[in-house]
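Data first, discussion second: the structure below is written as C-alpha cells.
Bear in mind these aren't lab numbers, they're just calculated from the coordinates by the rules spelled out. These numbers were taken from a predicted model, which means no experiment stands behind them. As a convention, Cβ positions derive from the backbone with ideal geometry for all residues, glycine included, and neighbour counts pool all protein chains shown.
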Amino acid sequence: MFWNKSKKLSQEELALSKTCQSEAEELYRSGKYHCAEAVMETIRRHFAADLPESIVGTVSGFGGGSSSGCICGAVSGGTVALGLVLGDKKETTQLTKDLHVWFKEKYGVTCCKTIRQTHKGVCPVLTGEVAGKIAEMLGNK
C-alpha cells in the first residue's frame, strides 16, 4: 500500500517524524555527515537499524547536488533510503515521486545550486525536513 496522503498521522508517527527531522538536522550540523548522508543515517536508524552504518557510504557522492549542484543531496539520499527500507520498486517509485512533488512545492526546485542561491543557509533545515517527511511517508503507508 502506498503512502496515504489523507490519513492523519498518529501521535507516535508525528513524534517519529519530528525526531527524524531533528536528528538529521543535528547530524548535518555536526559536520560528520552531509545532507544525503544525514538523511540516510537517520532513516537507517529508525527504519532499518539491522543494516550497518557503513550503508550510509552508498550516498556519499550525492552531497552538494552530486558535487555538481544538480539534484539536492537530501532528496537523492532520501530516495535511496526509501528503496532500502521498502525493497519494492513500485512503492519506492511512487514515494520518490511524492517526495519530489512535496519538495518542489516547498522550495520551488530540486536543484541544489538554485536552492543554495535563493535560500542561503537552508541546507541543515532542509535536510531535517526531508528526513522528517520520509519518516512521515514510511509511517503513514
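Just how large is the dipole of the chain about the Cα centre, in debye to the nearest 20, putting +1 at every Lys and Arg Cβ and -1 at every Asp and Glu Cβ?
480 debye
Could you work out which residue, out of Leu84, Leu51, Leu99, moves most in a Gaussian network model of the chain, that is, has the largest mean-square fluctuation with Cα springs under 10 Å?
Of Leu84, Leu51, Leu99, the Gaussian network model singles out Leu51 as fluctuating most.
Would you tally the net charge around Gly132, using a Cβ to Cβ cut-off of less than 10 Å, leaving Gly132 out, and scoring K and R as +1, D and E as -1?
-2
Fewest first, what order do Phe103, Phe62 take by the number of other Cβ atoms within 10 Å? Spell out each step's value before the answer.
Values: Phe103 22, Phe62 27.
The most exposed by this proxy come first: Phe103, Phe62.
So for the stretch 11-139, if I pair up every lysine 8 or more residues apart or on another chain, how many of those pairs have alpha-carbons under 26 Å apart?
Number of lysine pairs found: 27.
Given the rule -39500 (n - 2.57) for each run of at least 4 DSSP H residues, summed and divided by the residues of the chain, what is its mean residue ellipticity at 222 nm, to the nearest 500 deg cm²/dmol?
When only DSSP H runs of four or more count, the value is -21000 deg cm²/dmol.
Would you list which aspartates and glutamates come within 12 Å of Lys7, measuring only between C-alpha atoms, while excluding same-chain residues fewer than 8 positions from it?
Leaving aside aspartates and glutamates fewer than 8 places away in the same chain, those within reach of Lys7 are Glu136.
Could you list the square roots of 5 times each eigenvalue of the Cα gyration tensor of the stretch 100-141, that is, the equivalent ellipsoid semi-axes, sorted largest first and rounded to whole Å? Let's see the in-between values first.
Working: eigenvalues 90, 26, 7 Å².
That gives 21, 11, 6 Å for the three semi-axes.
Can you work out D for the stretch 11-139 in µm² s⁻¹ from Stokes-Einstein, where Rh is the Kirkwood radius over C-alpha pairs, the temperature is 4 °C and the viscosity is 1.567 mPa s?
92 µm²/s
Order the peptides 85-91, 23-29 from the highest to the lowest mean number of other Cβ atoms within 10 Å of their residues. The partial results should precede the final answer.
Numbers: 85-91: 14.3, 23-29: 22.7.
Packing proxy ranking, top to bottom: 23-29, 85-91.
Could you order peptides 108-117, 33-42 by the average number of other Cβ atoms within 10 Å of their residues, highest first?
33-42, 108-117
Could you derive backbone 3J(HN,Hα) for the stretch 111-128 from the dihedral phi with the Karplus parameters 6.51, -1.76 and 1.60 (θ = phi - 60°), listing whole Hz in sequence and x where the residue is Gly or Pro?
6, 4, 4, 5, 4, 5, 7, 9, 10, 3, x, 7, 3, x, 5, 4, 4, x
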